Amino acid sequence: MDSEPTPLAAEDPETQPTASDASLVRLQTRAAQRARGENGRFIRVAPELDQSVDEELPVDRFLDREISWLQFNERVLQLAADPLVPLLERARFLAIFASNLDEFFMVRVAGLKRRIATGLAVRSPSGLEPREVLDEISKAAHELMQVHAKMFQRHVRPALADVGIRIVRPDDWTDEDREELNNVFRNRIYPVLTPLAVDPAHPFPYISGLSLNLAVLLINPKTGREHFARVKVPPLLPRLMELPMAEGEDELYDARFVAIEDVMAEHLQYLFPGMEVREHFTFRVTRNEDLEVEEDDAENLLTALEKELTRRRFGPPVRLEVADDMDDHVMDLLVRELGVRDDEVYRLPEPLDLRALNIIADLDRSELRWPPFLAKPHPDLAPVERSAQSDVMAAVRSGDILLHHPYDSFSTSVVAFIEQAANDPNVLAIKQTLYRTSGDSPIIDSLIDAAESGKQVLAVVEIKARFDEENNITWARKLERAGVHVVYGMVGLKTHAKLCLVVREEAGEMRRYSHVGTGNYNPKTARLYEDLGLLTCDREVGEDLSRLFNQLSGMAPRSKFKRLLVAPRSVRTGLLEKIHRVTDAARDGKTARVQIKVNSLVDEDIIDACYRASMAGADVDIWVRGICSLRPGVEGLSERIRVHSILGRFLEHSRVFRFIIEGEDDIIYIGSADMMHRNLDRRVEALVRITDPKHIETLAGLLDKGMSDKTSSWHLHGDGRWERHHLDAEGVPLRDMQSDLMATYAKRKRKARRR
């Protein structure tokens, strides 16, 4: 991002990154994204965009979404570099960075390559040709991955060693270690290994995606001929194996680990008896693992998806990671056999695949982690007696309840709502969407219990939720066997909305209880993801959900909604109408403002509407976790637009939209939709309007605090640079949003218990 190399990207191994570094790598974000002619020169208007671009707005007004995503992952990396972050959490952020990048290559890079190969790729809204996007991704990814590896080697690993947590390489093994690891190899590792040789009788083996492998060079002592073999690291065994403590070390707190590939490498002679093991190197392949299912042609979507899942591991390679000391001869063999280009090869210091650091991050060393946090019941759901269970539906009848997870307990609110509905004899029907849920979800069990007790239960299961497909297929089958009506949404659309509807008979009438959320019905991720939810028995919301579920399970294409905006029909148009009203009010001289909190902001229509609002004199504040294609602070275009990003202990996941016009009540929506083409055009999404004045005030305060310059965050500049702002002018840390909310919600709950 910066024009000059940053300290961490330099070659000085002693350079220590600081939390104040604005950027760790140099990502091209400005000139490279403008439209170019055939001669490579920048031009005013891209030919493909002539008919669609508003002449009032500059052509180069969009940042590239792929580069913006890499910048998001760089912000994750900056948290790993921050000495103010607890050490084990820094290790966790290194693992998160690696996992994020894996998915980026498997989906985004692989998808772009596939579109190029089929001739379907077009110039991006940022003005880059598809090949240029790939080039920019390659440059940025190479630098980021080097920084990632060096950060572990030079900073996090030594810091872990200083507190007694070590990854021990073979050169440092003691005789006792070798004896222990010999036993481990013979009894646990050797039985599951399958060495594969390459020779005229054995073709080059298939290398599965994300597997870690040893490339082994062998010499036949009788013939002197060189042979190549591949040994796969068993994925079901721990990547880092804990060693017994050496004599004199504190066994209570210290920990010693050894990488399983090192144990394998030290025992290769047992795999190739009679051969001389000359060299070995680690390598790893990333493949295209995105799914393509033609729903219109599939008689049974579930069957089609199951077949496609079996093909996923055979996707073409998009990245090859190798140990930086790999022999050129071995490298040439891998490149040739795998069919990767030179710029798809990433030479990195070992160990490869730092997702393994999750094992270390899970260590029970409380002094090296964030203080423990236990979510408590929402005050309106807290029972009078601690041992009692709250009556969720009775509480909802007293008024809408706005939930904020993980600060409000998910299990005592949403899970309890569904469990009580399943066990309530007066409940006649439960309808729910399921996008991602945990393998042992109590929500699934409750839906099964409800169906088995004779209730009408509908589950709209999105089996195409990326990388959760197999899990969702399993639960879909289980639900069907229990008598739950399982549907898979609408053809061509993923069902991403987070909705639950309970129909209960009360005094001879039917009352609908609703939950509309921003996050998945997943009790595990609800402890880590920041999300919002509304529990209500409002008649309009209940009627809206009934219509929407009828759309999803049957045929109701012309349904109209009162408090909901529903994609793909009305989310974009509804939000644009609200932004246009703010714009008109600003033109009339009124104070007007738009506030948007999302995971990603890519949609050109929404961005252009924000530009026009700024040009009309309205303030526009964007709080985005990941991708942002909007350029803030550009003269004549977006001077009144500010973009902030907050990353931290919890993953900011909620979506909130607030529209403020002088003399009018605020309009606020929460829901499942990000501002991306797929969410607005190819998914079923739902936003609900918040009407309770107390809830509007709460959400307004949340947005104002997150967008305040007194809150630690990253700020986006018009040239595409992200700059971290976490210290004030005197070097004092700014307010940590999430820590502040933890304290605030804890106080609120304590006061509620005293009432």
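The values are calculated or read from the model by the stated rules, or taken from the named source; none is laboratory data. Everything quoted here is computed from the prediction, not taken from an experiment. Cβ sites come from the backbone with ideal geometry, for glycine too, and all protein chains shown count toward neighbours. Just the protein is used for accessible areas: all its heavy atoms, side chains included, with ligands, DNA and RNA removed. Shrake-Rupley method; radii C 1.70, N 1.55, O 1.52, S 1.80 Å.
Some notes on this structure:
- If the condition is being closer than 12 Å to Ser411 by Cα and open to solvent by 80 Å² or more (accessible area, probe 1.4 Å), then region 374-384 contributes only Leu374.
- Counting the residues of region 571-605 that are in a loop (DSSP other than H, G, I, E, B) and either surrounded by fewer than 17 Cβ atoms within 10 Å (Cβ to Cβ) or touching a Phe, Trp or Tyr at 6+ places or on another chain (Cβ under 6 Å) (or both) gives 4.
- Residue tally, condition touching a residue at least 24 places away in the same chain (Cβ under 8 Å) and either over 34 Å from the mean Cα position of the chain (by Cα) or open to solvent by 30 Å² or more (accessible area, probe 1.4 Å) (or both), over region 266-290: 14
- Residues of region 211-242 classified as surrounded by 17 or more Cβ atoms within 10 Å (Cβ to Cβ) and of a type outside the set (Gly, Ala, Ser), total: 16
- Test for Glu662: is it touching a Ser or Thr at 6+ places or on another chain (Cβ under 8 Å) and either more than 26 Å from Thr536 (Cα to Cα) or of a type in the set (Val, Ile, Thr) (or both): yes
- Long-range neighbours under 7 Å by Cβ, at least six apart or interchain, first residue under 14 Å from Asp621 (Cα atoms) within region 695-707, second assigned to a helix (DSSP H, G or I): Lys705/Met737; Gly706/Met737
- Tally, over region 349-366, of residues that are farther than 16 Å from Val322 by Cα and either in a loop (DSSP other than H, G, I, E, B) or at pLDDT 95 or above (or both): 10
- Checking the stated criteria, Ala673 turns out not to satisfy the condition of being of a type in the set (A, V, I, L, M, F, W, C), over 30 Å from Phe104 (Cβ atoms) and touching a helix residue (DSSP H, G or I) at 6+ places or on another chain (Cβ under 6 Å).
- Considering region 329-373, and only residues there that are open to solvent by 30 Å² or more (accessible area, probe 1.4 Å) and small (Gly, Ala, Ser), the residue that is farthest from Arg154 (Cα to Cα) turns out to be Gly339.
- Residue list for region 183-194, filter: open to solvent by less than 50 Å² (accessible area, probe 1.4 Å) and either closer than 16 Å to Met245 by Cα or among the polar types (S, T, N, Q) (or both): Val184
- Being in a helix (DSSP H, G or I), open to solvent by 10 Å² or more (accessible area, probe 1.4 Å) and modelled with pLDDT of 85 or more holds for only one residue in Ile448, Ile444, and it is Ile448.
- Among the residues of region 133-150, some residue qualifies, meaning at least one is over 23 Å from Phe93 (Cβ atoms) and β-branched (Val, Ile, Thr).
- Residue in region 396-409 that is over 28 Å from the mean Cα position of the chain (by Cα), buried (at least 19 other Cβ atoms within 10 Å of the Cβ), at negative phi and modelled with pLDDT of 95 or more present: yes
- Every test in (1) β-branched (Val, Ile, Thr); (2) part of a helix (DSSP H, G or I); (3) surrounded by fewer than 22 Cβ atoms within 10 Å (Cβ to Cβ); (4) more than 20 Å from the chain's Cα centre (by Cα) is passed by Val107 save one, and that test is (4).
- Condition check for Val516: hydrophobic (A, V, I, L, M, F, W, C) and under 20 Å from Tyr669 (Cβ atoms): yes
- The set of residues in region 629-658 being open to solvent by 10 Å² or more (accessible area, probe 1.4 Å), within 15 Å of Arg612 (Cβ to Cβ) and in contact (Cβ under 8 Å) with a residue 60 or more places away in the chain consists of Val634 alone.
- Selection within region 606-625 - closer than 25 Å to Leu647 by Cβ and either of a type in the set (Lys, Arg) or open to solvent by 10 Å² or more (accessible area, probe 1.4 Å) (or both): Asp619, Arg625
- Candidates Ile606, Ile667: the one that is of a type in the set (Val, Ile, Thr) and closer than 21 Å to Gly701 by Cα is Ile667.
- When the criteria are applied in full, Ala388 fails the requirement of being among the small types (Gly, Ala, Ser), part of a helix (DSSP H, G or I) and at pLDDT below 95.
- Looking only at residues in region 631-660 that are outside any loop (DSSP other than H, G, I, E, B) and among the aliphatic types (A, V, I, L, M), the one that is farthest from Arg75 (Cα to Cα) is Ile660.
- When residues of region 661-706 are limited to those that are in a loop (DSSP other than H, G, I, E, B) and surrounded by fewer than 20 Cβ atoms within 10 Å (Cβ to Cβ), the one modelled with the lowest pLDDT: Arg682
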